[in-house]
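**Q** Sharing a structure with you now.
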Amino acid sequence: MSSDSSADARAGDGPLIEFRGVTRTFTNRKSSPVSAVDDVSFTVNTGEVFGVIGFSGAGKSTLIRLINGLERPTSGSVTVLGQQLTTLSESRLRHVRKRIGMVFQQFNLFSSRNVAANVGYPLRVAGWTKDQRQDRVEELLEFVGLADKAKSYPEQLSGGQKQRVGIARALAAKPDILLADESTSALDPSTTGEVLRLLRRANEELGITIVAITHEMEVIRSIADRVAVMDDGRIVEEGLVYDVFSSVRQSEKTGFVGSALKDRPTAEDLRRIRSTSSGRLVTLSLKNSATVSAALGRAGEYGVRFEIVHGGMNTTKNASFGLLTVALDGEAAAVEKYLEELRQAGPVQEVSQ
Ligand SMILES: Nc1ncnc2c1ncn2[C@@H]1O[C@H](COP(=O)(O)OP(=O)(O)OP(=O)(O)O)[C@@H](O)[C@H]1O
Ligand SMILES: [Mg+2]
């Protein structure tokens with residue numbers, strides 16, 4: 001079989017990327033070994049946006065370098081576009097890499113080349129003719145909304161524009177996968193939105209599969225279909241963005257999901273709430289908000305009073321969700337009985353006293 005057999009993975013019948021028990025350990029002479037990626041398994045399907053979120057040092061960049069073969073696993077297997085990278089020769093690996101575009105935090109543009117030359121660079125390396133390059137660059141600059149900047153140099157562009165050039169360059173050779181490593185971390189909130197909308201269009205209009213790694217919840221919320229939460233080299237939570245973020249259960253280990261959402265009371269909020277409200281504090285998921293409202297409406301039937309003490313809604317690519325914290329006042333047995341009713345309406349988490 002020719003190395004082009006990897007094109008089969010495009011059909012969308014299997015995962016585009018598959019990690020099985022992948023560990024990457026760095027051994028330095030002076031310090032003890034560090035497993036930057038530690039026994040990680042996940043799959044990314046054709047056409048989806050897969051987000052990886054975690055604090056600094058969690059292993060996100062190492063994970064991305066394992067996808068494009070810049071790192072090799074110490075153990076476990078990495079399969080990309082139907083090819084098991086672990087067993088590939090350098091030349092076969094280069095072939096897979098050509099089908100992966102990469103977007104960087106610091107843009108990594110050539111300052112001495114204009115926008116058109118930056119975008120056309122990978123095509124030059126891939127041996128496209130001048131005419132082919134010109135057509136493709138024009139098309140790409142149109143797509144990212146920078147047709148009028150072809151002759152500009154990177155230093156003449158804003159951060160958001162630079163990143164749009166970075167994305168155009170990453171898309172130039174029509175890759176199957178786009179890897180984005182902190183693609184918006186160097187940008188302010190308004191340009192972040194502009195870059196995220198562009199990544200979303202690349203996914204929706206060009207059908208490109210995206211793996212976006214980030215420490216910003218905003219990135220996950222607005223573009224990801226599924227998310228993995230990474231901590232200390234491991235994936236500690238994984239699932240649909242909606243499910244992971246709307247789960248009342250907070251990641252025991254990192255608290256990452258909980259801490260990034262605005263709808264859960266902080267320790268400071270709790271001190272304030274406790275000074276003014278008595279009663280049992282519980283947090284309710286608003287995933288089925290109508291059911292929760294109805295259940296709250298029946299509190300009186302149980303002889304229980306409730307007071308809403310904290311809450312908020314969050315929006316993701318596909319849905320909205322939120323959490324509501326209420327203080328329940330009444331006889332202990334009545335509150336207990338009423339809690340049963342609330343649990344029928346959805347997940348309930350007791351706020352520790
Ligand atoms: N080449 C290397 N040699 C030794 N240790 C490394 C190497 N690359 C990464 N590490 C270590 O592995 C861990 C994970 O690093 P990595 O860069 O993957 O994290 P990250 O999640 O991308 O962090 P950040 O958000 O700061 O970019 C860190 O403890 C780091 O020091
Ligand atoms: Mg990193």
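**Q** Going 7 Å from the Cα of Arg305 in the Cα-to-Cβ direction, what parts of the stretch 324-352 have a backbone nitrogen less than 14 Å from that spot?
**A** Correct set: 327-331.
**Q** Size of the dipole of the chain about the Cα centre, Lys and Arg at +1 and Asp and Glu at -1 on the beta carbon, nothing else charged, in debye to 20?
**A** That gives the chain a dipole magnitude of about 1120 debye.
**Q** For the pair Ser320 and Thr276, how long in nm is the line joining their label points, each one 7 Å along Cα→Cβ?
**A** Label-label distance for Ser320 and Thr276, simple model: 2.4 nm.
**Q** Relative contact order (percent) for the chain, with alpha-carbon contacts under 8 angstrom and 6 or more residues of separation?
**A** Value for the chain: 17 percent.
**Q** Might you report the magnitude of the Cβ-based charge dipole of the stretch 261-350 about its Cα centre, with Lys and Arg at +1 and Asp and Glu at -1, to the nearest 20 debye?
**A** Details: 12 positive and 11 negative charges, 70 e Å.
Computed charge dipole of the stretch 261-350: roughly 340 debye.
**Q** If you average the C-alpha positions of the stretch 43-88 and of the stretch 294-318 separately, how far apart do those two centres end up, in angstrom?
**A** Their Cα centres are 41 Å away from one another.
**Q** Using +1 at the Cβ of each Lys and Arg and -1 at the Cβ of each Asp and Glu in the stretch 261-350, identify which of Gly312, Leu328, Gln344 lies farthest towards the dipole's positive end.
**A** Gly312
**Q** Provide, as a two-decimal number, the C-alpha radius of gyration of the chain over 2.2 N^0.38 Å, N being how many residues it has.
**A** Compactness ratio reported: 1.18.
**Q** To the nearest 10 degrees, how steeply does helix 332-345 sit against the main Cα axis of the chain, on a 0 to 90 scale?
**A** Result, in degrees: 30.
**Q** So how much slack lies between Glu205 and Thr43, counting 0.36 nm per residue of separation and subtracting their Cα-Cα distance, in nm?
**A** Gain in length upon complete extension: 56.1 nm.
**Q** Roughly speaking, what is the centre-to-centre gap between the stretch 320-342 and the stretch 147-217 when only Cα atoms are used, to the nearest Å?
**A** 45 Å
The numbers here are math on the coordinates, done by the rules we state, and not lab data. For clarity, every value in this text was computed on a predicted model and none was experimentally measured. Here Cβ is always computed from backbone atoms with ideal geometry, including for glycine, and neighbour counts include all displayed protein chains.
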